[in-house]
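The values are calculated or read from the model by the stated rules, or taken from the named source; none is laboratory data. Owing to the predicted nature of the structure, the values given are computational and were not obtained by experimental measurement. Quick reminder, even Gly has a Cβ in these numbers, built from the backbone with ideal geometry, and neighbours come from all protein chains shown.
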Ligand SMILES: Cc1ncc(C[n+]2csc(CCOP(=O)(O)OP(=O)(O)O)c2C)c(N)n1
Ligand SMILES: [Mg+2]
């Protein structure tokens, strides 16, 4: 086979794996991986130094899939390059990072192929992505770290760190504010090791981008100080290669490659596209496979020669690069043993001997010291003995006192790679960049006024390994905002009452939290009227006679669950009550007598159920009550399996209620 034919065979394997996986999961985005397969292929196969045998080799090029919804693209690459797994102790394992079986189980419980790529869950995934724009901003942190690492460790004749950072993004990422902050910062810092690839397919979920996005992205980036280049057709491997060469030759600023592509059918049916973000369907898959010259009925097929081709391309090239690097490191260690030891510790996220030897202790003093004052002193004492600690502030270092003031600490800027970073007033990008720096194993901090932590929230929660799409803490944090009403209706009629309440509001902001999945519409001749929502919480179903022994409370989608549990309890002769609780705030506004009528003090056997953080429910269950809620971010799988895994089913609620009754009033 000619080289060009092999290239196409590999590209089409990436495409068909993505199509098949999304189809099997019956969920996900096949179109973007299909359209971007040639881009990822060219980059990985011809340019990136990433040794599949050692995906944590410190000088590897980084690849960030900022459009995390196209996760199958990354999983296909990790599989076809036969990337190996690494465990949390940084031991390289022989087993595959992503097996064909994982791909077949895309989006299923325990598969390495979660809906969105997750750092530490799947080796070779450099950062968790999914919330659009985050990956781009994280990549800026990676480039900052790369610049700092080079400045700190490289010596004449020993270029320990010279890797590049690539991030692949779509229209959504480019629309997000965080990407604008990050691009502005990267341009200012002249991060020439950074390359963003923009999939300019002019489509998002609601339709053509002309609905909402008409700026000239190229001009914007030129304004930021970036180098901008274009590839007119995502299928043109030669033009793609040329663009990557342009990036590599650019040494004074970051590069944006704008790639025009067509989602879904690639070059097959230009201008047409399937329903965005949905599986193609069996018929279209066959049609498409036929076009690729694929056996129409084959599924998850990796044709002969494909693994080999990757092994001879990215595999062989990167192995050579890594081995040369390791030889160099051995020589470096002889000449610069101190620095080599620093690097060894840093790579394992360990601390150097004596890191805490200068930390101050403070004598009793009624006058005392501000926390920031003490922190500034501690940080300076710490940083002196922890050479790979860097950080900065979103323009508030004079107030947060995070500046490193000792001799040699230096500043980080376009022409210097010292330890004091200046993020400017860009909190969101700062926090995302901090993730990127941490992922590069460089210890770092950022700072600002506490109230602006909200501007940092998405990257704070994405952090290193949080699944990205589960709103776990959001109810609790919204409920904590003064003056805000949070409404989470439990069936369609509660939705009606919620809108009725909102329509009547004059001054209160409201957050209405609705479900994706169907909720059973309750029979209101059997249960209390949905108008109870106007009191925040109400008795939806009660024990015969109205004096319950146990109270089940829930909001939103969990109301149906507790009603089902309640029916089982009643059938077994247990006097249970269901309280639907769409709004804590509104309930708190009711008079004492009403509150007592809904949640009688005497009834201490209580179970609260909410598919979110348990935080705060103690106020209604009491310390001894049961809370069926989430203690972790969750997992990627079909809803039913998640409900079973995390205990959101009537049997578990019945068991919790019985356990409550069994403990009596103790
Ligand atoms: C912050 C954020 N908002 C919304 C979404 C939901 N979402 C996932 S994909 C998508 C459309 C993205 O369009 P684009 O970036 O152009 O990608 P394409 O569909 O072209 O692959 C949206 C809105 C998200 N993942 N993150
Ligand atoms: Mg798009």
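Some values worked out for this structure:
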quantity: Filtered residues of the stretch 233-249 (kept if without any contact (Cβ under 8 Å) to a residue 60 or more places away in the chain and either more than 18 Å from residue 11 (Cα to Cα) or assigned to a helix (DSSP H, G or I) (or both)); calculated: 238, 239, 242, 243, 245, 246, 249
quantity: Any hit, the stretch 55-64, residues being on the phi < 0 side of the Ramachandran plot, at pLDDT 95 or above and within 16 Å of ligand 1 (Cβ to nearest atom); calculated: yes
quantity: Among (1) surrounded by 12 or more Cβ atoms within 10 Å (Cβ to Cβ); (2) touching a residue at least 40 places away in the same chain (Cβ under 8 Å), the one test that residue 375 misses; calculated: (2)
quantity: Members of the stretch 514-554 that are within 24 Å of residue 586 (Cβ to Cβ), in contact with a strand residue (DSSP E or B) (Cβ under 6 Å, 6 or more places away or on another chain) and part of a loop (DSSP other than H, G, I, E, B); calculated: 527, 528, 537, 542, 548
quantity: Filtered residues of the stretch 123-160 (kept if over 12 Å from the mean Cα position of the chain (by Cα) and at pLDDT below 95); calculated: none
quantity: Residue 104 being free of Cβ contacts under 8 Å to residues at least 12 places away in the same chain and away from ligand 2 (no atom under 16 Å from the Cβ); calculated: no
quantity: Unmet criterion (only one of (1) over 23 Å from the mean Cα position of the chain (by Cα); (2) closer than 16 Å to residue 131 by Cα) for residue 471; calculated: (1)
quantity: Members of the stretch 251-274 that are under 30 Å from the mean Cα position of the chain (by Cα) and modelled with pLDDT of 95 or more; calculated: 253, 254, 255, 256, 257, 258, 259, 260, 261
quantity: The lone exception for residue 114 - which of (1) within 16 Å of ligand 2 (Cβ to nearest atom); (2) under 14 Å from the mean Cα position of the chain (by Cα) it fails; calculated: (1)
quantity: Among the residues listed as 260, 171, the single one being within 14 Å of ligand 2 (Cβ to nearest atom), within 24 Å of residue 37 (Cα to Cα) and touching a residue at least 60 places away in the same chain (Cβ under 8 Å); calculated: 260
quantity: Members of the stretch 21-35 found to be more than 16 Å from ligand 2 (Cβ to nearest atom) and crowded, with 24+ Cβ neighbours inside 10 Å, listed by number; calculated: 21, 22
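Residue-by-condition table, conditions (1) under 30 Å from residue 88 (Cα atoms); (2) assigned to a loop (DSSP other than H, G, I, E, B); (3) in contact (Cβ under 8 Å) with a residue 40 or more places away in the chain:
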{"site": "404", "(1), (2), (3)": "no, yes, no"}
{"site": "407", "(1), (2), (3)": "no, yes, no"}
{"site": "412", "(1), (2), (3)": "no, no, yes"}
{"site": "424", "(1), (2), (3)": "no, yes, yes"}
{"site": "436", "(1), (2), (3)": "yes, no, yes"}
{"site": "454", "(1), (2), (3)": "no, no, no"}
